[in-house]
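Notes follow once the structure below has been shown.
The values are calculated or read from the model by the stated rules, or taken from the named source; none is laboratory data. These numbers were taken from a predicted model, which means no experiment stands behind them. Glycine also receives a Cβ, built like all others from the backbone with ideal geometry; neighbour counts cover every protein chain displayed.
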Amino acid sequence: MSSAAILACKGPILTGDERAFFAEARPWGFILFRRNVESPEQVLRLTDTMRESVGWDCPVLVDQEGGRVQRLGPPHWSRYPPGEAFLKATNDPLTARELARLGGRLMAHDLKAVGINVDCAPVLDVPTPGAHDIIGDRAYAQDPATVAQLGRAVAEGLLAGGVLPVIKHMPGHGRAFADSHKELPTVHADLDHLDAWDFAPFKALSDMPIGMTAHIVFTAIDKKRPATQSKKAIRLIRERLGFGGLLLSDDLCMNALSGDLTERAEKSLKAGCDLVIHWTGDMAEMEQVMAGVGKLKGGAARRASAALARIVHTPEPLDVFEARGRFDAMLAGRLTAAKGPDVGEAQA
C-alpha cells in the first residue's frame with residue numbers, strides 16, 4: 001500500500017540510499033524538477049528507476065506549464081509559451097482554444113515519451129489588478145470565463161496525449177498580494193466576489209481528475225488557516241466547487257506554511273488533502289514528511305485510483321512534425337484555426 005505522499009530525488013539519477021528509502025517509504029508518486037532533467041534518455045531512465053523502487057507503475061509528475069514554469073526545455077525539448085500567449089496570439093477565441101489544446105497535446109507527447117504521466121497544469125487562477133505577479137503571465141486570461149475555456153482546452157490536450165492534468169491552485173491564487181513561496185498571503189474578499197471570480201474556473205473544470213490546493217488564507221472561509229490546512233476550505237472545494245477528484249497539497253516547503261515538515265504534512269492531510277507534495281529531495285526532510293504521513297486509504301485511495309483510470313494508454317493520433325509547425329505558426333499569428341501550415345512554415 002502506498003503512502004499519502006509525492007516525493008522527489010536530489011539529482012538526475014537515484015542513489016542507492018534513495019532507492020532504499022523509497023522502497024520503504026513507498027510514496028504514491030514522484031515529482032521532477034530541473035535538477036532532475038538532463039536529456040530524454042536520462043529522464044526516461046530516472047522515471048523507470050523511480051517506478052522500480054516502489055514496485056509499481058506509479059505516477060510521475062512535473063510542472064510543465066510553459067513560460068516561467070517549464071522543467072523540460074531546450075535544447076532537448078521545445079520551449080512553450082506562458083498561458084497568456086494563447087489569447088494574445090489571436091483575436092479569435094476559437095483559435096485561442098485550438099492553440100491551447102494543441103499546446104497541451106504537444107506537451108503531453110513530450111512528457112509521455114520520458115515516462116511522465118501527470119502535469120501540474122493548467123493554472124486556473126484569475127488575476128486581479130495589483131495582485132502579486134507570481135501568477136501574472138501564467139494566467140490564460142484576465143476573466144474567469146476565458147480562463148475556464150482555455151484551461152479546459154489545455155487539460156483536454158493533455159488528457160488526449162495520455163497525461164493527467166492538475167488544476168491549480170484551488171480555490172484560487174489570482175487575488176493574492178504575496179508570493180506563497182515566500183510568505184503566507186491573506187485574501188479578504190467576501191464569498192460572493194470569490195464565488196463569481198476566483199472559484200468560477202474551478203467549478204467549470206470540477207470534472208478534472210486531480211487538483212492542487214493554494215497556501216492562502218481566505219478570511220471569508222477560514223480566518224486562521226491556509227486553504228491547504230483548512231477543513232472549511234477543503235469542504236468548500238468539495239461542495240461549493242464540486243470537485244470530486246484527487247486533491248494534492250501544494251509543496252510543503254513553501255514559506256506560507258508554518259511548523260516543521262511533519263506538522264505541515266499532518267495538518268494538510270487532516271484538513272482533507274489526499275496527498276502531500278515535498279519537492280527538495282533532501283533525505284532528512286523527507287523523513288520528517290513521512291513521519292506525518294500515513295497510508296493512502298479510504299476515500300483518498302479511491303480518488304487516486306479513479307484519477308489513474310483516466311490515463312489514456314493509447315494517445316490520440318498526432319503528426320508531431322505537422323502539429324508543432326502549426327502550433328508555432330499559430331502562436332506567431334501567421335495562421336488562423338482553419339488554415340494548415342505550408343511546408344516552409346512547418347519546417348521553420
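Scanning the stretch 63-108 for residues that are of a type outside the set (G, A, S), surrounded by fewer than 17 Cβ atoms within 10 Å (Cβ to Cβ), closer than 30 Å to L7 by Cβ and free of Cβ contacts under 8 Å to residues at least 60 places away in the same chain yields P74, P75, H76, R79.
Please indicate, with yes or no, whether at least one residue in the stretch 154-163 is part of a loop (DSSP other than H, G, I, E, B) and over 19 Å from the mean Cα position of the chain (by Cα). Within the stretch 154-163 (the criterion being part of a loop (DSSP other than H, G, I, E, B) and over 19 Å from the mean Cα position of the chain (by Cα)), the answer is no, since none of the residues qualifies. Sub-7 Å Cβ pairs linking a first residue in the stretch 25-54 that is surrounded by 24 or more Cβ atoms within 10 Å (Cβ to Cβ) to a second residue that is assigned to a strand (DSSP E or B) and of a type in the set (G, A, S), at least 6 apart or interchain, are P27/S3; P27/A5; W28/S3; W28/A4; W28/A5, ordered by first then second residue. In summary, K339 fulfils each of the numbered conditions (1) modelled with pLDDT of 95 or more; (2) under 23 Å from F86 (Cα atoms) with the single exception of condition (1).
For the stretch 198-233, the set of residues classified as over 27 Å from V118 (Cα atoms) and either surrounded by fewer than 19 Cβ atoms within 10 Å (Cβ to Cβ) or among the charged types (D, E, K, R) (or both) consists of T219, A220, D222, K223, K224, R225, K232, listed by residue number.
Residue check: N91 meets all listed conditions (1) modelled with pLDDT under 95; (2) closer than 14 Å to A153 by Cβ but one, namely (2). A single member of H181, H173 is in a loop (DSSP other than H, G, I, E, B), within 16 Å of the chain's Cα centre (by Cα), closer than 22 Å to F86 by Cα and not aliphatic (A, V, I, L, M), and it is H173. Scanning the stretch 198-250 for residues being under 19 Å from the mean Cα position of the chain (by Cα) and without any contact (Cβ under 8 Å) to a residue 40 or more places away in the chain gives a total of 7.
Restricting to the stretch 230-269, name every residue that is part of a helix (DSSP H, G or I) and more than 24 Å from A306 (Cβ to Cβ).
Step one: list which residues in the stretch 230-269 are part of a helix (DSSP H, G or I), which gives 231-239, 261-269.
Answer for the stretch 230-269, where residues must be part of a helix (DSSP H, G or I) and more than 24 Å from A306 (Cβ to Cβ): K232, L261, T262, E263, R264, E266, K267.
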